[in-house]
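> Quick one: the structure is below, and I'll ask about it shortly.
The values are calculated or read from the model by the stated rules, or taken from the named source; none is laboratory data. As the structure is a computational prediction, the values presented were derived from the model and not from experiment. Heads up, the Cβs are rebuilt from the backbone with ideal geometry, glycines too, and the neighbour counts pull from every protein chain shown. For accessibility, only protein heavy atoms count, side chains too; no ligands or nucleic acids. Shrake-Rupley method; radii C 1.70, N 1.55, O 1.52, S 1.80 Å.
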Amino acid sequence: MFQLRHITILSAILALFACSEPVPEPAKQTTAKTTAVEKATSQNATSITTKATAEPQSDIQKALSNAPVITNLSASHPNTLSTPNINDLDNSPESDLIRYGRLLVIDTYRQLPENVNNKLNCSSCHLNEGRVANAAPYVGMNVVYPKFRSRNAKINTIEDRINGCFQRSMNGQPLITDSTQMQAMVSYMNFLSQDIKTKDDLKSNNGFIAINKDLEPNAENGKTLYAQHCASCHQMDAKGLYPSGTYMFPAVAGDNSFNDGAGMARTYTAAAFIKGNMPLGQEGILTDQEAVDIAFYFSHLARPAFAAKANDWPEGGAPKDVRR
């Protein structure tokens, strides 16, 4: 997928959830969902720093002072959105919380070893620190969540969404909802989103680009294309490259990659990411069919299993590329 001179990142993303509640009548369902969204929105509107800043600031400052230098391989991504500059923050506890949230995004598996069971970082998929359009950016999450998601048939808060990623993309354990770490990550997302007031401000920059889901994947062609475009960075075995204890090119298969319940384990989701972002520095050179073939090949390589995926889409309507 990538030439050595065009450095890249490719990895896992997004995760989702499950529910066993009975399905209400259509008219009542709409009312219930609307009420739940309004309630969750009201809760989300409360300052996210209240509990977090009550924690010992020395812990946050210690993490920041000991933070390793992280090479941002997607820093020059052409689809990077305009966001507030983190270097403009003051020295207040609230600003330290935002800085800590950014650190957790770019150095996730080392900063949160109790919650991450592979070697991925949030920024492995949410490129350029969560600021790239068509790479599931964090910009605008303040107006996207809370939202109803069919994967678990529930209203999901941003905290729910983050924990879904920890369980699936990170193959790990969820954060405590009101922990300093969770609130730091939400603070960072809200910081990036402070100029987004309504969904109209998103201008279709969230999520991934559209991909033709009618295309049938060709695994053999995908293997050939992977060797041509991807292996120089992610390695022929797709297990990535981790010099000096951190990632250089994240694993897209094996124990250090996302599990089979993650969004990136789905052919068309992975293909949309590839089509919009890979090879890094050569975005857009792959056709939909090529992206689908590559995605099918690497997403079906050996990786951890997520047992709870059997509970996904409890009300039906699961996409055709869902792993069972």
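> Using R₀ = 25 Å, calculate the FRET efficiency as 1/(1 + (r/R₀)^6) where r is the Cβ-Cβ separation of ALA310 and ASP255; round to 0.05.
My answer for the efficiency is 0.75.
> Related question: In whole percent, and with a 1.4 Å probe on the protein chains, what portion of the accessible area of the stretch 219-311 is carbon and sulfur?
Of the solvent-accessible surface of the stretch 219-311, carbon and sulfur hold 54 percent.
> Sticking with this one: Considering amide H positions built from the backbone, and no H for Pro or chain starts, which residues 5 or more places from MET278, or on another chain, come under 5 Å of its amide H?
Amide H to amide H, under 5 Å and 5 or more residues apart or across chains, MET278 pairs with GLY284.
> Three principal axis extents, largest first, for the C-alpha atoms of the stretch 59-202, in Å?
Projected onto the principal axes, the Cα atoms of the stretch 59-202 cover 41, 32, 29 Å.
> Here's a follow-up. Provide the per-residue ³J(HN,Hα) series for the stretch 116-127, in order, calculated from phi with Karplus coefficients 6.51, -1.76, 1.60 and θ = phi - 60°, each as a whole number of Hz, with x at glycine and proline positions.
The phi angles translate into 10, 9, 10, 10, 9, 10, 4, 6, 5, 10, 7, 4 Hz.
> Once both labels are modelled 7 Å past Cα along the beta-carbon direction, what's the ASP59-ASP200 spacing in nm?
For ASP59 paired with ASP200, the spin-label model returns 4.3 nm.
> Long-range amide H contacts for VAL116: which residues qualify at under 5 Å (H placed 1.01 Å from N, peptide plane, sequence gap of 5 or more or a different chain)?
Placed amide hydrogens put GLN173 under 5 Å from VAL116.
> Find which of MET189, ALA63, ASN118 sits farthest along the positive direction of the dipole of the stretch 59-202, computed with +1 on the beta-carbon of Lys and Arg, -1 on that of Asp and Glu, about the Cα centre.
Of the options given, the answer is ASN118.
> First compute the accessible area of the stretch 59-202 with a 1.4 Å probe, then give the percent of it belonging to carbon and sulfur atoms.
It is 44 percent, rounded to a whole number.
> May I ask you to rank ASP255, ASP59 by accessible area, largest first, using a 1.4 Å probe over the protein chains only?
ASP255, ASP59
> For PHE148, enumerate residues with amide H under 5 Å from its amide H, sequence gap 5+ or separate chain, H modeled in the peptide plane.
Placed amide hydrogens put ASN156 under 5 Å from PHE148.
> So how exposed is ARG99, as accessible area in Å² (1.4 Å probe, rounded to 10)?
50
> A further question on this structure: For the stretch 179-324, what's the relative contact order in percent, using C-alpha pairs closer than 8 Å and at least 6 residues apart?
Once divided by the residue count of the stretch 179-324, the mean separation gives 26 percent.
> Any chance you could run the full-extension gain for ARG324 through ASN212? It's 0.36 nm times the residue separation minus the Cα-Cα distance, nm to one decimal.
38.1 nm
> Residues of the stretch 219-311: accessible area per residue at 1.4 Å, in Å²?
Accessible area per residue: 35 Å².
> Quote to one decimal, in nm, the extra length available between MET236 and VAL143 on full extension: 0.36 nm per residue of separation minus the C-alpha distance between them.
Full-extension gain reported as 29.5 nm.
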